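The values are calculated or read from the model by the stated rules, or taken from the named source; none is laboratory data. Since the structure is predicted, the reported quantities are computational estimates derived from the model, not experimental observations. For neighbour counting, all protein chains shown are included, and Cβ atoms are generated from backbone atoms with ideal geometry for every residue, glycine included. We work out accessible area using only protein heavy atoms, side chains counted, and drop any ligands, DNA or RNA first. Shrake-Rupley method; radii C 1.70, N 1.55, O 1.52, S 1.80 Å.
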There are 2 protein chains.
Amino acid sequence: MLTEPEDILPYSFDGTAALKVKPGAVLFPLTGEEVAACVKLARAAKVPVVTRGSGTGLSGGSVPLEGCLVLCLAQMDKILEVDEKNLTLRAQSGVITKDIDDAAGKVGLFYPPDPGSMKISTIGGNVAENSGGLRGLKYGVTRDYIMGLQVVLADGTLTTLGNKCVKDVAGYSMKDIFIGSEGTLGIITEVMLKLVPKPKARKTMLALYDSMEAAAETISAIIAAKIIPCTLEFLDRMTVGCVEDFAKIGLPTEVEAVVLMETDGHPVVVEEEAAQMMALARQHGAREVRAAADDAEATRLATARRSAFSALARKRPTTILEDVTVPRTELAHMVKFIREVADRHKLMVGTFGHLGDGNLHPTFLTNERDHEEMHRVEEALEEIVTETIRLGGTVTGEHGVGLAKKAFVKRQLGEASYELMRSIKRALDPECLLNPGKIFDL
Amino acid sequence: MLTEPEDILPYSFDGTAALKVKPGAVLFPLTGEEVAACVKLARAAKVPVVTRGSGTGLSGGSVPLEGCLVLCLAQMDKILEVDEKNLTLRAQSGVITKDIDDAAGKVGLFYPPDPGSMKISTIGGNVAENSGGLRGLKYGVTRDYIMGLQVVLADGTLTTLGNKCVKDVAGYSMKDIFIGSEGTLGIITEVMLKLVPKPKARKTMLALYDSMEAAAETISAIIAAKIIPCTLEFLDRMTVGCVEDFAKIGLPTEVEAVVLMETDGHPVVVEEEAAQMMALARQHGAREVRAAADDAEATRLATARRSAFSALARKRPTTILEDVTVPRTELAHMVKFIREVADRHKLMVGTFGHLGDGNLHPTFLTNERDHEEMHRVEEALEEIVTETIRLGGTVTGEHGVGLAKKAFVKRQLGEASYELMRSIKRALDPECLLNPGKIFDL
């Protein structure tokens, strides 16, 4: 147990800007039973519990409350079983996401969800946040790969939900209520994941555009051609500039949009789809389209995309990463709207994200000490959120609500649906012991 | 509104054997608003509400309570929107499942969940039961295609959950709690479905076996070869006999197992996978393996499989259709176990189901008026359920709990998980107005 101020410091924040609160103590349980014991003790002492993995969250979901107990599950890092025949993998919740996919890969299988932070994020954190990733369009998100969970409830009960069966309708799907609940309903201690066969081939392509509209039109044309690529990512001009500054991989910096496209599957299908996608990109105004020469180049391009956030974050003292998501058809409009808002408020905003999913990450490069500028950031965010909701979108596509999106969630969901959510919290955690104040206030 | 005894009669039962209770009245609302108004009236009058679509359910989920109000949503049958660009379809909940897929097909898209009853079942019923189908192995179940729902809550509030966004983590996934809740938490009045591109090719094959074990080994070999076919169905000897009697399509009746295999997707992949699957079937002891000559034959074979339940049901006065599901690796053992139990209790049992999903439908052909035989049926069911739970399976893979599986569900879930489910019911329907007594008693 850590209680000394200097030891506790690293557990007082996560990946979200400008949020830092010191907990009372940090514990490192090793099993579900130990987590259950911790919760019982905390409950008896009426001390709130905030759970965390690696702390890569981007909505403040694992930022502590003053004096609370932090349970850090990072040492619960055992892969318990890879069941090749039933296509499942069972692991403790502190296992690093990439280690899950690596373990699956050893037997020719694949765990598709790939959040940007997959090299350091934990699988338990992914489940708590229902993390997305770069392959969402074709492969879905974390929820789509959860067959079962071991969960510690607010009263300290340890229970298992779900099983290895491909179909199961025995009662309500309770595991689904914990997936994406951000640590407010229970603590995920073990996961049973679904795996799929590893695609035999993959092809990565790059398309460069002089206008964002042309890039968005390409995406629509690809979907209209009944192709569902595994990845359709984009970086805008400012993001490309920062990435190139940071990683120096030879990306052209004078274009309006760089689109990274990837298709995977059977080699014949991959070749055919890749050719079609490149032709469609050209037809819709791409200035240049090319395929990665080899795996090394494909990895370099994907790494460039993954480094977008870090690259942008180097520019100014404070980085505010947004996560608005709109129906795919509203994408071009939304990107344009964000740029106009940024210009009008004289703000530095780089946008990147998942084009195929309509999931945008406008990233505000600012300085939290400059109150006047921060005020403009808030006004800009307000406008972006209002437009997102008007378009039938969501204020968070993959980062979660946590503390960062609390102010917006009721507006998106509406009164009835918001109250429904709160009634679930009251039913499962009546004393508000688990991660209080996240998502909503009771 | 229907209130006359002879008018009400057709609404006093569903597809489940031996369950019949007359409601007080039957109403046919046309919109979500009308459903909400009905619920408010029923609540004021303290009259329970049981919702139904076509009444094809196989667990008694829509069997009324004495004197209750039945809301039949079959006339809410409008497809409201097919959004080709966002790959979504919005429909009222009384639309027939097959009509959904047909509407998708017109724009080159596909709605994969295909419960056996898809020609007459309603989409709302499918969502309430989280229906499976023949394509579960590759394409998943109804839950996997629900992006949003319009729901009437127990207090008569009409609310919308979810949206057209591919990713959305703004709060708990409330739609997931209504999917599979069997009408006990809210009434589904509208659905927003995810569609996928229609596979370009499909190939149907038939393999005949002298032993069930050999059939199960083939399935394991196909999965080990990293092939995920869309369909892997089987019929045992008794089922094949009944189907052939009924449909006369030329199936051989002297084999132990008929396996229907289907792969779909890109034509090249389909040819390659079909060849591999046929080779694996031969290597694992299939007596005969052949591909359907054309679409007409493929449809005939699929129809034969879909008619299994009706064909068996003709044999004896009462048909009790089970729905146990086990992890795929336990399948051969479970089929053998069921046969031994049937023999020991001298019962007529035909088994068919979804081999790839581990989802078995042992079907008891019996007579509810013969109390001695019914007693033996109950003993046999008890043994099958006990073994299913021991193997880490579920008492219902796709039919739901309803009234039929109520006695077993607590044993499967365990105390903590069962109580968790009840706490959700208490939170969302504290007066127990909606479909009381289904899944569990409060």
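Quick notes on this one:
- 5 angstrom amide H check on A:Leu193, placed H, neighbours 5+ away: A:Leu89, A:Arg90, A:Ala91, A:Met147
- Taking every residue in A:422-433 and counting other chain Cβ atoms within 10 Å of its Cβ, the average works out to 3.
- For the stretch B:314-410, the solvent-accessible area of protein heavy atoms averages 37 Å² per residue (probe radius 1.4 Å; ligands and nucleic acids excluded).
- Distance between the stretch B:410-425 and the stretch A:353-390 - C-alpha centres, whole angstrom: 42
- In chain B, the ratio of gyration radius to Kirkwood radius, Rg to Rh, stands at 0.96 when only Cα atoms are counted.
- In the stretch B:1-53, trypsin sites (Lys or Arg not before Pro) in a DSSP loop with at most 11 other beta-carbon atoms within 10 Å: B:Lys46
- With Cα atoms as the point set, the protein assembly as shown shows a radius of gyration and Dmax of 27.2, 84 Å.
- Loop trypsin sites (Lys or Arg not before Pro), the stretch B:344-442, which have at most 10 other Cβ atoms in a 10 Å radius of their Cβ (DSSP): B:Lys346, B:Arg369
- Rounded, prolate or oblate (a/c below 1.5 giving rounded, otherwise prolate when a/b exceeds b/c) for the stretch B:369-442 by Cα gyration tensor: oblate
- Among beta bridges that DSSP assigns inside chain A, antiparallel share in %, nearest 5: 90
- Normalised by the number of residues in chain A, the mean separation of alpha-carbon contacts (under 8 Å, six or more apart) gives a relative contact order of 16 percent.
- Net charge of neighbours whose Cβ lies under 9 Å from the Cβ of B:Ile79, counting Lys and Arg as +1 and Asp and Glu as -1: -1
- Karplus (6.51, -1.76, 1.60) ³J(HN,Hα), θ = phi - 60°, over the stretch B:323-336, in Hz, Gly and Pro reported as x: 8, 5, 9, 10, x, 3, 5, 9, 5, 4, 4, 5, 4, 5
- Once the convex hull of all Cα atoms in the stretch B:1-80 is built, its volume per residue stands at 87 Å³.
- Shown for B:Asp441: label points 7 Å from Cα along the beta-carbon vector, and their distances to the equivalent points in the other copies, 4.3 nm in ascending order.
- Based on Cα contacts under 8 Å between residues 6+ apart, the stretch B:79-197 shows a relative contact order of 32 percent.
- Rounded tilt (10° steps) of A:415-428 against the dominant C-alpha axis of chain A: 40
- Projecting 7 Å from Cα along the Cα-to-Cβ direction, the label point of A:Thr253 sits 8.0 nm from its equivalents in the other copies, listed shortest first.
- Shown for A:Glu378: label points 7 Å from Cα along the beta-carbon vector, and their distances to the equivalent points in the other copies, 6.8 nm in ascending order.
- Placed amide H near A:Ser54: partners under 5 Å, 5+ positions off or other chain: A:Thr122
- Per-residue HN-Hα couplings for the stretch A:395-409 [Karplus 6.51, -1.76, 1.60; θ = phi - 60°; Hz; x = Gly/Pro]: 6, 8, x, 8, 8, x, 8, x, 9, 5, 10, 3, 5, 9, 5
- Alpha-carbon Rg/Rh ratio, for the stretch B:79-197, with Rh computed the Kirkwood way: 0.94
- When the helices of chain B are scored as -39500 (n - 2.57) per DSSP H run of n ≥ 4 and the total is divided over every residue, the value at 222 nm lands at -10500 deg cm²/dmol.
- Each eigenvalue of the Cα gyration tensor of the stretch A:201-310, multiplied by 5 and square-rooted, gives one semi-axis; in descending order these are 22, 17, 10 Å.
- Residue-wise HN-Hα couplings along the stretch A:160-176, as the Karplus relation 6.51 cos²θ - 1.76 cosθ + 1.60 with θ = phi - 60° gives them from phi, are 10, 10, x, 6, 7, 6, 5, 10, 7, 10, 7, x, 4, 7, 5, 4, 5 Hz; Gly and Pro carry x.
- Using only side-chain charges placed at the Cβ, +1 for Lys and Arg and -1 for Asp and Glu, the dipole size of the stretch A:79-197 relative to its Cα centre rounds to 320 debye.
- Contact order relative to length of the stretch A:5-72, as percent, for alpha carbon pairs under 8 angstrom and 6 or more apart: 48
- Distant-in-sequence amide H partners of A:Ala292 (H built 1.01 Å from N, under 5 Å): A:Thr204, A:Met205, A:Leu206
- In the stretch B:314-410, the alpha-carbon atoms span a convex hull of 94 Å³ per residue.
- Take each residue of peptide B:175-182, count the partner chain Cβ atoms within 10 Å of its Cβ, and average: the result is 5.
- Share of carbon and sulfur in the accessible heavy-atom surface of chain B [1.4 Å probe, %]: 52
- Taking a point 7 Å from the Cα of A:Arg290 along the Cα-to-Cβ direction, the residues of the stretch A:231-271 with backbone N closer than 11 Å to it are A:250-252.
- If R0 is 45 Å, the Cβ-Cβ spacing of A:His371 and B:Glu272 corresponds to a FRET efficiency of close to 0.10.
- Between helix B:267-283 and chain B: long-axis angle, C-alpha atoms, 0 to 90°, nearest 10: 60
- Span from the the stretch A:246-317 Cα centroid across to the the stretch B:48-118 one, whole angstrom: 41
- 0 to 90° range, to nearest 10: angle between helix A:32-45 axis and chain A longest Cα axis: 60
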